[in-house]
1. How many angstrom lie between the Cα centre of the range 142-160 and the Cα centre of the range 167-223?
2. If amide H atoms are built 1.01 Å from N in the plane of the peptide, which residues on other chains or at least 5 residues away come under 5 Å of the amide H of VAL438?
3. Taking the Cα centre of the range 391-544 as origin, sum charge times position over the Cβ atoms of Lys and Arg (+1) and Asp and Glu (-1), and report the length of that vector in debye to the nearest 20.
4. In what sequence, highest mean first, do 157-163, 198-204, 271-277 appear when ranked by Cβ atoms within 10 angstrom?
5. Once phi is turned into ³J(HN,Hα) by the Karplus curve 6.51 cos²θ - 1.76 cosθ + 1.60 with θ = phi - 60°, what whole-Hz value does each residue of the range 383-395 show in order, with x for glycine and proline?
6. Stretched out fully, how many nm does the piece from ASP523 to ALA279 gain, at 0.36 nm a residue minus the Cα gap?
7. What is the extension gain from ARG34 to THR289, computed as 0.36 nm multiplied by their sequence separation minus the C-alpha to C-alpha distance, in nm to one decimal?
8. Using a 1.4 angstrom probe on heavy atoms only, work out the carbon and sulfur share of the accessible area of the range 377-422 in %.
Amino acid sequence: MLILRIRQAETALADGRLDEACDLARDEDLRSHRRGQDLLGRLVKALIERGRGHLDAGRIQPAFADAQKAYRLGGGLPEVAALQAAVAEVLSQRQQAEQQRADAAGQARRHLQDGQLSMAEGMLTGIEGYGQQGHMVLREAAARRAGAEPAIQRAAEALEQRDWDVAIRCLTEARRLHASNPRLPDLAGRITRGVLDEVRASLDVGRVDRAEILLDRVGPLAGRTVDVEEAVRIIGQCRLAADRIARGRPHEAEQALRQLAGLLPGAGWIGAAIEQARAAAEAVGQLRTGPLGLIMPLEPAPLAAPSAPSAHPTAPQTAPFGERPRPVRWDERAEAPTERIDIGGLGGQAAGVAGVGQAGQVGGAGEVSGQPVPERFMLHVDGVGSYLVVRGPKVTIGAAGASGSPDVPLLAESGLGEVTIERADEDYFLKAARPVIVDDRPVTEKLLADGDRIALSTRCRVRFGVPNAASTSAVLQLSGTRLPKTDARRVILMDREVVIGPGAAAHIRADQMGEPVVLYVRDGWLCCRASRMVMAGEQALAGGQGLPLDTSVRVGAVSMVVTAAQG
């Protein structure tokens, strides 16, 4: 039988059927026979020759297979080792080239998301065979460039018609698609100047409400220019006068109106308001010196302070006729409750702090009941997406319906292994009962770094990121899976705060916003720090007042809803 196999292998070798010859020559008995040894030598030589041919033609996998077969038959011969080294070198070069293409495509994608289309395309220039990701980036760049032009045209037409809502919306969309378009700066400046002229005209005729709405909408577009700051100051002064009237202090309202008259010399309504405030102050003075003054307090009672936290929020109240809730504006920092949160370039003392406050309520008049924020909640940001926010330092990730009830349940196969991500100081550690793949390496424990790719199964993958170097909150991006009962594919591991705003440094990226908004938890209540007015439904939120659950909350150009997480 041995001689028969040798003859069959020799015939296959002579006919060029090397793979068949290898199968016939695998038995150890061949090595003990002189004729078999000769056969093995010739077969190894033929495999090396064929492997080099594959390698020269760029067929790496067949060359690798021939090198492996030659090694199994001939051992560590110099010729076999040389072929293996040549194959390894080509594989290494290909992997480096593939990594270079992937890095270029990733950087191009980031430039694309920032609206820098030319930079995104430039990243792929000179990269040979940039692959499917590169092609997708180029196609999307072309689509964004094509989509930006109609948006710019609509913005220009709306500018001519003084339709500021359409102009701002279209220009914001054009910026999102193609931020580096050379037509945008001039168009943005013209729209901003037109809106600010409209704001001034509205203030002159006494339409402070309309001026405030226009300024709030143009803010993200205009930025913090001198003209914008002046308009903010004027509206803040109007708010201050209205607040003093609401508090029953007409003499202070008169002082605020006199200061306002210097800022708005063309507003005729201010003079009449000053006279009315003076008359009211005199009337109040006369009342205080009359019989009722004997039983009146020396000063008007201040607005009621928030009560202690309650598990049973009070019922909503009705605002007196004509009374408007008082929002905290940028220029009232000296009086507004403040909260200091430093997020790199986002920190500092900022007004406009609102949250699920000490009374668990929103607004001073027409209040909206709030609730303590749960450890797990959903954050739905219009035009951006939905996020599961988990507050604890230790988070488990596993299949939905698993017996352990993971904090982050995933719609995946039942055999999905459960992993734990734990925050310690500023670091995150991954632990798993059985090995999972992190950046193509099997591990059971690992110190996670920004950008780590975690493969929980062949399809279920998680990308770990810490977008803001000044914040220890992290973001998990899901692929091949999602959270149950929602289309959310992103999870925030919340430490001190969650940043919503433009640019890659935000945990929730919302490029339509001009300035970031910071969410944080204080005394069990969810709070919001923003430099703009915070609205819950139709009610403005003052400092220390609340973000209720299941209610639309708007800050500038972005609205969001906080709901309890299911499951």
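The values are calculated or read from the model by the stated rules, or taken from the named source; none is laboratory data. Treat the numbers as computed from the prediction; the structure is a model and nothing was measured. All Cβ positions, glycine included, derive from the backbone under ideal geometry; neighbour counts span all protein chains shown. Only protein heavy atoms, including side chains, enter the accessible area calculation; ligands, DNA and RNA are left aside. Shrake-Rupley method; radii C 1.70, N 1.55, O 1.52, S 1.80 Å.
1. After rounding, the separation between the Cα centres reads 16 Å.
2. Those qualifying (amide H under 5 Å, at least 5 residues apart or on another chain) are VAL443, ALA455.
3. The calculation lands at about 340 debye.
4. Per-residue mean Cβ counts within 10 Å order the peptides as 198-204, 271-277, 157-163.
5. x, 10, x, 10, 9, 8, 10, 10, 8, x, x, 10, 10
6. 83.4 nm is the gain from fully extending ASP523 to ALA279.
7. 78.8 nm is the gain from fully extending ARG34 to THR289.
8. It is 47 percent, rounded to a whole number.
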